Structures are given as C-alpha cells and as structure tokens.
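Following: one structure in structure tokens, then a few remarks.
The values are calculated or read from the model by the stated rules, or taken from the named source; none is laboratory data. In this text the structure is predicted, and so the values were computed from the model without any measurement. So basically every Cβ, Gly included, is an ideal-geometry build from the backbone, and we count neighbours across all protein chains shown.
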Amino acid sequence: MRHNAHMSEVSTQGVNPGAAEFPHRQIATTLRARIRRGDWQPGERLPSIPALAGMFGVAKQTIQRTVDQLRVEGLLITKPGSGTYVRGTRRRLNRLSRGRYGAQRGYHADLAARYRQQLMSVGREPAPPEVADAFGVPDNTELVVRRYQVRTQDATVSQMTVEVGASWFRTSDVAGSSIERAEAFGRPVYQEVEEVTGRRYTSATDVISARLPTREEAELLAMRPDTPVLHLLHVAFDEHHKPLEVALSTWPGPMTTLTEDYKIPAPRPEEDYGDESDIALG
C-alpha cells in the first residue's frame with residue numbers, strides 16, 4: 001500500500017523532455033530527494049524497474065541507468081532475485097587515530113553501540129607493498145595478519161558490511177602469542193599487543209586515499225566495482241618510533257564520512273602575525 005502512495009505522488013513529477021539534464025538524472029534527483037525526505041526508509045524495497053518506468057513514463061533502460069547512478073552514489077543496493085533497496089544514509093565514522101584509541105585508550109563508544117566487528121581470519125601472509133613499506137621490510141616478507149569486517153547492528157535487510165580491514169604485525173614481535181590465534185579479545189587489539197610485546201603505542205600516522213575496490217572488497221561491501229572506496233593506512237609506533245602495527249581499513253566511499261573533532265589552539269598574547277599578505281598558506 002505504501003508503494004502505491006509513492007507511485008501516485010511520484011507519477012505527478014514526470015520528466016521534462018526539454019530540460020538540458022538527461023531524463024535518468026532528472027529521475028535520480030527526484031528519487032534522491034524522496035529518500036532523503038524519508039518516503040523510503042533504509043532497508044525498504046523500491047518499486048520494480050517496470051513499475052518505476054510506468055511512474056515516470058520512460059523506458060526501462062532509463063530507470064536502469066537511474067538505479068545504476070544511485071547505486072554508485074551508495075543510496076541503493078540491489079539484491080539479485082530480491083529487488084532494489086534503500087541502502088541508508090551516510091555513516092559518520094570516527095575511525096582515525098583519535099577515534100581508534102579513544103580519550104581513555106579504549107573502543108570508541110559509537111563502534112561498540114552501532115557496529116559489530118567480526119574476525120575473519122588470522123595467519124601468516126606475504127606483506128603487500130604498502131604494508132612492507134610501512135614496516136621497512138622487503139615486499140612479500142611474511143607477517144602476521146588479522147583480517148576482520150565491521151557490520152551494522154541492524155536486524156533489518158539494511159544490515160551490511162561497512163568496513164573491511166586487516167592488522168599486520170612483525171612475526172618476530174607476536175609469534176606464538178594470542179595475536180596469532182584466531183580468537184577475539186574483550187578489548188582493543190592494541191592493548192593486547194602492548195601486553196604481548198611489552199611496548200606501548202605512543203603515536204600513529206593515518207594516510208587516506210581513494211581508489212576502486214578489489215573484487216573481494218566489492219563483494220564484501222555489496223557495492224559496484226566501479227564505485228570508489230576510501231582506504232586508510234594506519235601506522236602505529238612505539239616510544240622509539242618503531243612500527244608496532246600497520247592497519248588497513250576500507251570503506252564504501254559514497255556512504256562514509258570520516259569525522260574528527262579537535263580544538264584549535266588560541267594564539268599566544270605575544271604573537272605578532274604582521275601584515276596578512278605575508279602569511280603563506282600551504
């Protein structure tokens with residue numbers, strides 16, 4: 001019944017054939033606005049492509065292009081044999097260094113409350129180039145890796161994987177320890193590593209880049225392979241600035257907002273900035 005109400009209301013919108021914007025983009029604008037307004041909730045199935053084509057008076061191919069566009073944007077997800085669903089709103093993740101360790105050196109509250117981390121595998125594997133470079137070892141050096149995925153806690157159809165990642169360690173640092181065992185810890189991994197190695201995490205560097213997903217990432221994140229992902233390289237150092245852990249995290253780009261709050265220090269009273277034209281920005 002609810003879809004019928006949507007159909008009668010949407011059909012009055014129509015498509016302006018004289019507009020400069022392509023029809024599928026006009027329709028995408030309308031659907032995007034209605035999803036944002038809440039006409040379709042996260043996890044709710046949209047009308048079929050033939051039904052949408054009838055609403056807007058266009059060919060099914062035009063609706064397919066609209067759905068493809070909104071899938072790339074991350075608003076829709078298509079389940080083979082089931083239909084097209086609203087994926088949900090952008091997720092605010094505090095997953096940079098400050099959020100990872102928290103003000104009290106523990107899990108960020110948001111992560112435990114809204115997401116569930118699932119350990120996928122633990123073992124020794126050849127280090128990929130970016131991990132090898134971070135540790136300062138040759139490519140394909142055997143390291144210990146713990147692979148995981150993070151899923152939403154929702155019990156609805158919108159439940160999905162929102163992050164895939166891996167934590168890498170030098171074999172000499174964690175060989176034979178709990179880090180090498182396929183078991184979850186009741187605390188953050190870095191606290192386990194500190195106890196195992198006797199070394200303390202004191203600083204970290206985050207490098208974020210955008211790229212296309214691997215085939216495995218696209219499958220796990222339920223996204224199109226031509227949709228970009230955000231990729232984080234996180235290197236944690238001990239007090240001697242030696243890498244303790246290299247972590248990789250990958251998120252669906254259109255659905256992820258990385259947010260970090262921080263204070264801006266006040267200028268010292270004696271500071272004199274001089275003429276503003278002398279200030280260099282870079």
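Structure values in brief
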quantity: Filtered residues of the range 27-78 (kept if in a helix (DSSP H, G or I) and among the acidic types (Asp, Glu)); calculated: Asp68
quantity: Residue identified as touching a Pro at 6+ places or on another chain (Cβ under 8 Å), buried (at least 16 other Cβ atoms within 10 Å of the Cβ), modelled with pLDDT of 65 or more and of a type in the set (Ser, Thr, Tyr) among Tyr101, Tyr115; calculated: Tyr101
quantity: Filtered residues of the range 76-98 (kept if within 14 Å of the chain's Cα centre (by Cα) and either over 15 Å from Arg32 (Cα atoms) or modelled with pLDDT of 80 or more (or both)); calculated: Arg91, Arg92, Leu93, Asn94, Arg95, Leu96
quantity: Residue check, Gly186 exposed (fewer than 14 other Cβ atoms within 10 Å of the Cβ) and either at pLDDT below 85 or touching a Lys or Arg at 6+ places or on another chain (Cβ under 9 Å) (or both); calculated: yes
quantity: Some residue of the range 166-187 being under 16 Å from the mean Cα position of the chain (by Cα), under 30 Å from Leu46 (Cα atoms) and in contact (Cβ under 8 Å) with a residue 12 or more places away in the chain; calculated: no
quantity: Residues (of a type in the set (S, T, N, Q) and part of a strand (DSSP E or B)) located in the range 158-188; calculated: Thr161, Ser167
quantity: Odd one out for Glu195, checked against (1) in a helix (DSSP H, G or I); (2) over 18 Å from the mean Cα position of the chain (by Cα); (3) buried (at least 16 other Cβ atoms within 10 Å of the Cβ); calculated: (3)
quantity: From Thr227, Thr214, residue being surrounded by 15 or more Cβ atoms within 10 Å (Cβ to Cβ) and among the β-branched types (Val, Ile, Thr); calculated: Thr227
quantity: Hey, Glu239 surrounded by fewer than 17 Cβ atoms within 10 Å (Cβ to Cβ) and either among the aromatic types (Phe, Trp, Tyr) or farther than 30 Å from Thr78 by Cβ (or both) or not; calculated: yes
quantity: Subset of the range 195-228 [in contact (Cβ under 8 Å) with a residue 24 or more places away in the chain and within 14 Å of Glu245 (Cβ to Cβ)]; calculated: Thr197, Arg199, Arg200, Tyr201, Thr202, Ser203, Ala204, Thr205, Asp206
quantity: Pairs where the first residue, in the range 64-82, is touching a residue at least 24 places away in the same chain (Cβ under 8 Å) and the second is aliphatic (A, V, I, L, M) and assigned to a strand (DSSP E or B), C-beta under 6 Å, 6+ apart; calculated: Leu70/Leu76
quantity: Residue in the range 251-263 that is modelled with pLDDT of 95 or more, surrounded by 12 or more Cβ atoms within 10 Å (Cβ to Cβ), outside any helix (DSSP H, G or I) and of a type outside the set (Val, Ile, Thr) present; calculated: no
quantity: Scope the range 222-253; condition closer than 19 Å to Thr202 by Cα and of a type in the set (Gly, Ala, Ser); matching residues; calculated: Ala236, Ala247
quantity: Hits in the range 118-140 (condition: polar (S, T, N, Q) and in contact (Cβ under 8 Å) with a residue 40 or more places away in the chain); calculated: Ser121
